[in-house]
């Protein structure tokens, strides 16, 4: 069963651990957001790993029950050898610009710090200035570019990092 996280500071949103029951909605949000496709099987495999506490969903709490409410957004990250790698962050278009992405990011960074991770990394499309601004607001800084990192459409990635220690 999903666990509630500590308060995020957002009204009417709860952040919970992702479960297998969330995956169809997660894939739907992934497709709406234009992320590089992972698909159901990749998310499911990641949920079987030791990093499942770093796979979170945000839900509005005004629904009749939290479990049946729509997923507003999600984040998937992995911690290995003291490094947090943020793989995917996405928010449904109708829930954007409400601080949900920032709350998900902050929560996964908190969890990484509890695990004693010392650095966080992510890649973001070079044209995705809104996401870059979100990451910069959370303290990330651009450190490199990966040429032609993304396909469909082909695009460079900006590598960003955050010192957690």
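Read-outs: derived from the displayed coordinates by stated rules, not from any lab. Since the structure is predicted, the reported quantities are computational estimates derived from the model, not experimental observations. So basically every Cβ, Gly included, is an ideal-geometry build from the backbone, and we count neighbours across all protein chains shown.
What the table below lists for this structure:
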read-out: Cα long-axis angle, helix 100-114 against the chain (0 to 90 degrees, to the nearest 10); value: 80 degrees
read-out: Relative contact order (percent, whole number), the chain, Cα cutoff 8 Å, 6+ residue spacing; value: 18 percent
read-out: Mean ellipticity per residue at 222 nm, deg cm²/dmol - from DSSP H runs of n ≥ 4 across the chain, formula -39500 (n - 2.57); value: -8000 deg cm²/dmol
read-out: More than 24 Å apart - percent of Cα-Cα pairs taken over the chain; value: 31 percent
read-out: Nitroxide proxy distance, nm - points 7 Å out along Cα→Cβ at residue 141 and residue 81; value: 2.3 nm
read-out: Mean Cβ neighbour count within 10 Å, used as a protection proxy, ranking 116-122, 70-76, 51-57, 127-133 highest first; value: 70-76, 51-57, 116-122, 127-133
read-out: In degrees, nearest ten, helix 23-33 long axis to first principal axis of the chain (Cα); value: 50 degrees
